[in-house]
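Data first, discussion second: the structure below is written as structure tokens.
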Amino acid sequence: MILKNKVALITGGATGIGRSTAVLLSQKGAKLVIADVSDEGNNTAEEICNSGGEAVFVKGDVSIVSDVTNIVSVVANTYGRLDILHNNAGVLRISDDVSTTNELDWDLTINVNLKGVFLVSKYSIPLLKNNGGGAIVNTASMAGWSVGMAGLAAYCASKAGVVGLTKCMSIELAKYNIRVNCICPGTIDTSLYTTQFLHAGGTQQELDDDQKSLSSLIPQGRYGTPEEIAKAVLYLCSSESSYVNGQALVVDGGFSNQ
Ligand SMILES: NC(=O)c1ccc[n+]([C@@H]2O[C@H](COP(=O)([O-])OP(=O)(O)OC[C@H]3O[C@@H](n4cnc5c(N)ncnc54)[C@H](O)[C@@H]3O)[C@@H](O)[C@H]2O)c1
């Protein structure tokens, strides 16, 4: 129970990586606030409570200031403290190349993936400072950091921004005993990409072929699981990484070493 009595706020905790991380942090003793635009966040909170943990769900959009201040006030009013912030909410949009990238998709991606990390951090940091410290873990990506990816210009730009923001915050906040790191997942088996692929007109067969050929390019030969990313987040937000600060931890089955 390495996180016993710790309070963690996870954005984008309704599904995928955020959901798995919420469940794992709860198993390690943390009390959770799960924030998400999707009502499915209720299911994550319910699952944790049914397993004997503590969790509340708050609906909110990380790119809207009034939603963010509400999310942070739910943390303060429910638990009176914050020890761990996992900025994980994210979106992905696909285009052929930069010239065909829709401006609305660009704005949405930057607003959620980058501005959202800024806003939730901005309004959460006073709570972390009040405690005498804590840890922030941002979800970046190998896309935009260790590799570029065609068709994902806005996404790569947003995630490269998250890495830069992480490094800056790690220097600014060290004197408050707040460590700031990010994880850079490779290709993880969630619906983030698949939903958009099908939405963009791709067929299920094309998606299956795409996933098969991408898997063959990964040295470990498969996609990662959300649970494997959750374990990396646990390391970065726990005392096991007490001298790790400002790092971008790539968890990609070796993909970006090629
Ligand atoms: N799946 C991958 O291959 C992969 C790889 C690298 C990085 N990531 C990143 O991991 C994070 C989680 O993605 P995932 O793969 O678990 O996908 P996912 O779609 O399952 O999870 C994303 C979550 O963010 C929520 N969300 C979206 N917009 C939001 C907003 N404006 N405010 C609050 N919540 C919002 C969604 O409702 C969803 O619950 C994202 O930041 C994503 O960019 C994923």
* Would you mind listing the helices (runs of 4 or more DSSP H) fully within the range 53-153 where at least 3 residues are modelled with pLDDT under 95? => none
* How many of the residues making up the range 40-92 are among the hydrophobic types (A, V, I, L, M, F, W, C) and closer than 24 Å to Ser191 by Cα? -> 12
* Could you tell me whether Ile183 is at pLDDT 95 or above and assigned to a strand (DSSP E or B)? => yes
* Residues that are away from the ligand (no atom under 12 Å from the Cβ) and buried (at least 18 other Cβ atoms within 10 Å of the Cβ), drawn from the range 214-234 -> Leu234
* Return yes or no: is Val75 touching a helix residue (DSSP H, G or I) at 6+ places or on another chain (Cβ under 8 Å) and within 15 Å of the ligand (Cβ to nearest atom)? => yes
* If you take the residues in the range 178-204 that are hydrophobic (A, V, I, L, M, F, W, C) and more than 6 Å from the ligand (Cβ to nearest atom), which one is surrounded by the fewest Cβ atoms within 10 Å (Cβ to Cβ)? -> Ala200
* Within the range 1-31, can you find the residues that are surrounded by fewer than 24 Cβ atoms within 10 Å (Cβ to Cβ) and within 16 Å of the ligand (Cβ to nearest atom)? -> Thr15, Gly16, Ser20, Val23, Leu24
* To do: Go through the range 235-258 residue by residue and tally those that are assigned to a helix (DSSP H, G or I) and either surrounded by 14 or more Cβ atoms within 10 Å (Cβ to Cβ) or in contact with a strand residue (DSSP E or B) (Cβ under 7 Å, 6 or more places away or on another chain) (or both).
  => 6
* Asked: Across the range 143-177, what is the number of residues that are out of contact with any helix residue (DSSP H, G or I) (no Cβ under 9 Å at 6 or more places or on another chain), away from the ligand (no atom under 12 Å from the Cβ) and touching a residue at least 60 places away in the same chain (Cβ under 8 Å)?
  -> 4
* Asked: Somewhere in the range 187-203, is a residue under 30 Å from Lys4 (Cα atoms) and within 14 Å of the chain's Cα centre (by Cα)?
  -> yes
* Say whether the condition of being closer than 17 Å to Arg19 by Cβ, among the β-branched types (Val, Ile, Thr) and within 14 Å of the chain's Cα centre (by Cα) is met by at least one residue in the range 74-88. => yes
* Kindly list the number of the only condition in (1) out of contact with any Phe, Trp or Tyr (no Cβ under 8 Å at 6 or more places or on another chain); (2) surrounded by fewer than 16 Cβ atoms within 10 Å (Cβ to Cβ) that fails for Ile48. => (2)
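The values are calculated or read from the model by the stated rules, or taken from the named source; none is laboratory data. Note that this is a predicted model, so its numbers are computed, not measured. Glycine gets a Cβ as well: all are built from the backbone with ideal geometry, and neighbour counts include every protein chain shown.
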